[in-house]
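> Encoded as structure tokens, here's the structure I'll be asking about.
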Amino acid sequence: MTKDPRAQRRTDAERSSQGWPMMRDAGREDQRLDRDAIRERLLRERQAAVEELARLGISPEIGEATGTGESPFEEGDVAQANERLDMSFAHRERVAERINRLTRALERLANGEYGICEVCGRAIEPARLEALPEATVCRECQDRLERGQAAA
């Protein structure tokens with residue numbers, strides 16, 4: 001059964017309108033345009049993460065959580081504030097790690113290695129790159145890595 005090329009163009013246009021450029025086959029004339037669009041998306045996402053990291057400053061009431069410890073209510077307040085502080089630091093760390101991964105993806109794009117699995121050398125699935133543009137391994141290799149970590 002032959003696919004309708006108009007339907008494929010509509011699908012491509014829908015994806016493009018969602019902010020993710022379609023990856024093209026090597027050797028196509030429009031490959032450079034796609035690389036530029038991918039670069040722009042990576043830069044936008046990295047900038048958004050940088051802005052989020054800047055917004056995640058520690059609020060004074062959390063950063064200054066202290067108490068005399070004389071009241072069980074005070075101890076609970078301090079414990080809650082410390083828990084929020086720990087969660088804030090963990091979130092900031094995750095955002096900072098994403099910034100590093102996006103920066104690395106930009107480097108891989110510049111070197112012609114973007115979209116190539118670091119483990120097996122095959123192409124990373126376009127759907128995976130749409131969902132996680134900083135991905136460095138294909139889904140199959142990621143599954144194997146996770147199973148290996150779970151077994152360890």
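The values are calculated or read from the model by the stated rules, or taken from the named source; none is laboratory data. These numbers were taken from a predicted model, which means no experiment stands behind them. FYI the Cβ positions are ideal-geometry reconstructions off the backbone, even for glycines, and counts take in every protein chain you see.
> Name the pairs: first residue in the range 66-95 and not assigned by TED's automatic domain parsing to the domain that holds Glu51 and β-branched (Val, Ile, Thr), second residue assigned to a helix (DSSP H, G or I) and at pLDDT 70 or above, Cβ to Cβ under 8 Å, at least 6 apart or on different chains?
Every condition considered, no pair remains.
> State which residue is farthest from Arg44 (Cα to Cα) when the search covers only the range 107-134 and only residues that are buried (at least 18 other Cβ atoms within 10 Å of the Cβ) and in contact (Cβ under 8 Å) with a residue 24 or more places away in the chain.
Checking each candidate, the answer is Cys117.
> Right, here's the next one. Which one of Glu45, Glu97, Glu107, Glu113 is closer than 28 Å to Leu132 by Cα, outside any helix (DSSP H, G or I) and at pLDDT 70 or above?
Being closer than 28 Å to Leu132 by Cα, outside any helix (DSSP H, G or I) and at pLDDT 70 or above holds for just one of Glu45, Glu97, Glu107, Glu113, which is Glu113.
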